[in-house]
Amino acid sequence: MINVPKGTKDVLPQDSYKWQFVENTARKTARLFNAQEIRTPTFEHTEVFLRGVGETTDIVNKEMYTFNDKGGRSITLKPEGTAGVARAFIENGMSSMTLPSKLFYITQCFRYERPQAGRLREFHQFGIEFLGSKSAGIDAEVIILAKTFLDNLGIKNLTLYINNIGCKECRQKYANALRDYFAKYEDGLCELCKSRLEKNPMRVLDCKNSDCKEINKNAPEILDYLCDDCSNHFKKVKEYLDVNGVEYKVDPRIVRGLDYYTKTVFEFVSENIGAQGTVCGGGRYDGLIGQLGGNDVPGIGFATGIERLLMVMENSGVEVKNDNEVTVYLAPMGEMEAKKCFELCNVLRQNGYVADTDYMGKSIKAQFKYADKINAKYVAVIGSSEIENNSVKFKRMSDGVETLVDFNKILEFLKGEGL
């Protein structure tokens, strides 16, 4: 038997309705904020991620699925959504269209890492990218969109953490301060962090190694190195959140895992998934579009993993209603009756009703059990007498009430039942 590849997972029909709920909630929430859907390819030229995500990140260094295609081009399966959206924004001239450009996506991503709960090698993200505005107000709007989405899913016990990691100028001053600090503890850093010191010392703050985390506790904080513009921007973001009653905590240790972030960064953290508690994260990336060859267009966004959301929902006791009900199940008593059921099923479907019938030669008792498993609202048994009398009894499965209905009035009956 051939098994599913490590780090991937089948989503079976008994679970897919939960995915549909999350995806539909994502789309509805995005539309409340006037966001439009964008779909980008599953793979991109590797350079998109080298220049966009950053060569010093764990994603680029260790986790990307990269290969040469038959034309010898280096191709990478997308490890995240933002860089591909930025490439599409540039290539399709979207900076000359109406701004801000409010975009959302639901997409597959791929990272080669150790599979664990809520973290797979093939996973799915819901993401938001708002491009074109430098306003602190749009930062707050993106954060509130994320909060609204998580609230609409029914997830409780979330904490919002925010930070400002500065612009290019103040980050350079901060990077120098970090190098000076970590130089005193370099022997205690892991090998990866030692390599990060020169290129991007802020990545050391994001390390999960226990020794590095201990050293990080007394490291300088970015908020002490912000320029006036970045400091004022952060102040305004907090004011927008305050006026909307959004609770948050300032955490100067949040740097996020991607090199393109500037100024505002944020995370929603759950108490219900253990050490890996972040369920949604994002921030501002004012230099990304220019870095990929486009105009100087600012942006801000977030992404959240659907697998992780489903795990949080389950651990939080969120119940998702299965709306995949069958309106009518038509149970034939024989071959001749099966043809009549087939005919009526198609009439029902053409009028917008979910209908099903038997193709397995089951007994009537077995068909009733099957109808119950597929959440059929009504079951109608059709035998020779029903065909002769041109009518059938519709049994309402919720309470067992039966109603005799003429074949020609089935649609009228269902409308009368409010369906």
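Annotations
- Fewest-first ranking of 45, 124, using other Cβ atoms within 10 Å as the exposure measure: 45, 124
- Adding -39500 (n - 2.57) for every DSSP H run of four residues or longer, then dividing by how many residues the chain holds, sets the calculated 222 nm ellipticity at -11500 deg cm²/dmol.
- Rounded to the nearest 10 degrees, the inclination of helix 168-183 to the longest alpha-carbon principal axis of the chain is 70 degrees.
- Of the Cα atoms belonging to region 326-416, the radius of gyration and Dmax stand at 11.8, 32 Å.
- The simple Förster model, with R0 at 25 Å and r as the Cβ-Cβ distance, assigns residue 211 and residue 176 a FRET efficiency of 0.60.
- Two-decimal Rg to Rh for the chain - Kirkwood Rh, Cα set: 1.11
- Distance between region 209-278 and region 61-87 - C-alpha centres, whole angstrom: 28 Å
- If the segment from residue 398 to residue 412 were pulled out straight at 0.36 nm per residue, it would be longer than the present Cα-Cα gap by 3.0 nm.
- Charge tally in the Cβ shell below 13 Å around residue 267, where Lys, Arg are +1 and Asp, Glu are -1, residue 267 excluded: +3
- Model label points for residue 191 and residue 323, set 7 angstrom from Cα along the Cα-to-Cβ axis, are 5.2 nm apart.
- Were the residues from residue 73 through residue 45 laid out at 0.36 nm apart, the gain over their Cα-Cα distance would be 9.3 nm.
- Extending 7 Å from the Cα toward the beta-carbon at both residue 24 and residue 224 defines two label points whose distance is 5.2 nm.
- Positive-end residue of 336, 407, 354, charge dipole of region 326-416 with Cβ unit charges: 354
- Here the chain is treated with +1 on each Lys and Arg Cβ and -1 on each Asp and Glu Cβ, and its dipole about the Cα centre works out to around 300 debye.
- Rounded to the nearest 20 debye, the dipole magnitude of region 145-247 is 220 debye, with +1 charges on Lys and Arg beta carbons, -1 on Asp and Glu beta carbons, and the Cα centre as origin.
- Electrostatic bookkeeping for residue 278 treats Lys and Arg as +1 and Asp and Glu as -1; over the other residues with beta carbon under 13 Å from its beta carbon, the sum is +1.
- Using a Förster distance of 30 Å, the FRET efficiency for residue 168-residue 65 (Cβ separation, nearest 0.05): 0.50
- Rounded to the nearest 20 debye, the dipole size of region 1-84 about its Cα centre is 240 debye, using +1 on the Cβ of Lys and Arg and -1 on the Cβ of Asp and Glu.
- Label-point separation, residue 33 to residue 384 (7 Å along Cα→Cβ), nm: 6.6 nm
- Net charge, residue 84 excluded, C-beta distance under 11 Å - Lys, Arg +1, Asp, Glu -1: -1
- Cα gyration tensor shape for region 1-156, rounded if a/c is under 1.5, else prolate or oblate: oblate
- With neighbour counts taken as other beta-carbon atoms within 10 Å, the residues 151, 10 rank, fewest first, as 10, 151.
- Residues with amide H under 5 Å from that of residue 262, placed H, sequence gap 5 or more: 284, 285, 286
- Cross-link pairs 18/377; 238/263; 28/156 - those with Cα-Cα distance over 18 Å: 18/377; 28/156
- Linear extension gain, residue 242 paired with residue 271, 0.36 nm per residue minus alpha-carbon span: 8.1 nm
Computed from the coordinates by the stated procedures, all read-outs in this text should not be read as laboratory data. Source: prediction; values computed, not measured. Heads up, the Cβs are rebuilt from the backbone with ideal geometry, glycines too, and the neighbour counts pull from every protein chain shown.
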